[in-house]
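See structure below.
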Amino acid sequence: MKVSIDQSRCVAAGSCVAAAAAVFDQRDEDGIVVLLNASPPADLADDVRQAAAVCPALAITIED
Amino acid sequence: MTEALIEFPSARATGCPFAPPPDQRAVAAARPLSKARIWDGSTHWFVTGHAEQRAILSDPRVSMDEKRPGFPHQNLNMAQTTDHRPPTIFNTDAPEHTRFRRLMTPPFTVKRVAALRPGIQRYTDELIDAMLAGPKPTDLVDALALPLPTLMISEMLGVPYSDHEFFQLHAVVAVDRNATAEEGARSSAELGGYLAQLITERVETPGEGWVSDIAEKVRGGEVTVAEAAQMAVVLLIAGHETSANMIALGTLALLQNPEQLAVFRDSDDPRVTADAVEEMLRYLSIAQHGLRRIATEDIQIGGEVIRAGDGIIVPLPIANWDPQVFPVPERLDLHRQARAHHAFGFGIHQCVGQQLARAELQIVYSTLYRRVPTLALATELDQIEYKTDHFAYGVTALPVTW
């Protein structure tokens, strides 16, 4: 699984961190998404898909 | 295809206080987009399907600019005051909206909210202590549902403890439907003046909380004191009555579904509690009066074409009761996977304070029923008054005993 993010689209809702804290984080100054792991292991795949699905700004892209 | 047209907003069915209005559900069952006529006689797109709401709310060709002709205003007052309202997160599009949004988001990151949890727990316990020490029956709205979110926002903003009482008093009056328009406006002005003063002080002497964060940006010339104070009032008002409604209306729903209340009472697993709160958000969908948008270009969706300049209304509760996404939506099922709900909206305008709201609800629901296992309604169900005409649905009071 390959994950990419678009910080210019992000609106800092925090949903991705709530879904997969091992893969996504937020900048302290404005809450914008930071990608911690662009190739997350298989056991996190469901959480990462969930994160992408609930992102209100469609800022997370997944390639399997 | 004949077009379905409903009058919006419409009433809920008597005896079904939690279900969205039946006529809205009926048009949603027939097709994902229909038309709704609003207070001024104008007709707009009515987007009911879950997938279609998601697409519309995240589409950059869909605007929140209320000054565009044909915008479906909430009411006469909103329509008449459009020219007097300054730009805010509620009436701008990207990139102007992006600037406002990023000034407001810092206190609501998952990490910052996690740090507030011990404080939320402490305030919840103190309010329950005071309630149990007082007379019964009592009103849960006054005892817990309203004061908790106000205290948390005071803390998050960085309002000094000595000013909490003043702040709470005016915060309650500002959203109190029983207050006169003058009283409400006076309390809003008091709060705005107070917050402008506090921001100005923090420019000189930094302290804790969002007010100090924004004061630093005032000092750097990124934002004016007036803009900052206005954002602070928005944070206060938006985060105050909404959470209060979820606590009181949610408690009413759980008292009607004791086997579901037991999920909060008996579970020590934070994941179970977190999922259960998502289902409460879906089931109650308190933002009841439809998000308002306007198309800036033609948009093909759900077999229809929304033309540039067409108004769009997005009734969030209907998508949250879309049976294709949430089977048997009228069943409150706290073990359901409900995270795809639209209770906080969707797209770039989705609720800024949603992580704080989640933390408050997770802590309040799991603490109240554990500490007060005999909690019971102290009135008849048909005696309860609902906020049918408010932007956020709820109960005006919830008499409880134990």
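The values are calculated or read from the model by the stated rules, or taken from the named source; none is laboratory data. The structure displayed is predicted, hence computed values, not measured ones. So basically every Cβ, Gly included, is an ideal-geometry build from the backbone, and we count neighbours across all protein chains shown. With ligands, DNA and RNA removed, areas are computed over all heavy atoms of the protein, side chains included. Shrake-Rupley method; radii C 1.70, N 1.55, O 1.52, S 1.80 Å.
For segment B:215-269, enumerate the residues that are among the hydroxyl-bearing types (Ser, Thr, Tyr) and closer than 21 Å to B:His335 by Cβ.
Listed by number, the residues that qualify are B:Thr251, B:Ser267.
Pick from segment B:344-361 the residues that are more than 15 Å from B:Met104 (Cβ to Cβ) and within 7 Å of chain A (Cβ to nearest Cβ): which of them is surrounded by the fewest Cβ atoms within 10 Å (Cβ to Cβ)?
Per the criteria, the residue is B:Gly347.
Being open to solvent by 10 Å² or more (accessible area, probe 1.4 Å), in a helix (DSSP H, G or I) and away from every other protein chain (no Cβ under 14 Å) narrows it down to one of A:Ala18, A:Ala45, A:Ala52, A:Ala38, so name that one.
Answer to the selection: A:Ala45.
Yes or no, residue by residue, for (1) surrounded by fewer than 18 Cβ atoms within 10 Å (Cβ to Cβ); (2) touching a Ser or Thr at 6+ places or on another chain (Cβ under 8 Å); (3) of a type outside the set (Ser, Thr, Tyr):
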site: B:Glu182; (1), (2), (3): yes, no, yes
site: B:Ala189; (1), (2), (3): yes, no, yes
site: B:Glu208; (1), (2), (3): yes, no, yes
site: B:Gly221; (1), (2), (3): yes, no, yes
site: B:Val233; (1), (2), (3): no, yes, yes
site: B:Ser243; (1), (2), (3): no, no, no
site: B:Asn257; (1), (2), (3): yes, no, yes
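Can you tell me which residue among B:Arg331, B:Arg370 is closer than 26 Å to B:Leu140 by Cα, assigned to a helix (DSSP H, G or I) and open to solvent by 50 Å² or more (accessible area, probe 1.4 Å)?
B:Arg370
Specify which of the listed residues (B:Gly192, B:Gly250) is part of a helix (DSSP H, G or I), under 30 Å from B:Trp402 (Cα atoms) and in contact (Cβ under 8 Å) with a residue 12 or more places away in the chain.
After ruling out the rest, the residue left standing is B:Gly250.
Run down B:Gly70, B:Gly49, B:Gly41 and say which single residue is at pLDDT 95 or above, surrounded by 18 or more Cβ atoms within 10 Å (Cβ to Cβ) and over 20 Å from the mean Cα position of the chain (by Cα).
On the way: B:Gly70 fails: surrounded by 18 or more Cβ atoms within 10 Å (Cβ to Cβ); B:Gly41 fails: surrounded by 18 or more Cβ atoms within 10 Å (Cβ to Cβ).
Of B:Gly70, B:Gly49, B:Gly41, the one residue that is at pLDDT 95 or above, surrounded by 18 or more Cβ atoms within 10 Å (Cβ to Cβ) and over 20 Å from the mean Cα position of the chain (by Cα) is B:Gly49.
Name the single residue, out of those in segment B:88-143 being open to solvent by less than 60 Å² (accessible area, probe 1.4 Å) and of a type in the set (Gly, Ala, Ser), that is nearest to the other protein chains (Cβ to nearest Cβ).
Among those that are open to solvent by less than 60 Å² (accessible area, probe 1.4 Å) and of a type in the set (Gly, Ala, Ser), it is B:Ala114.
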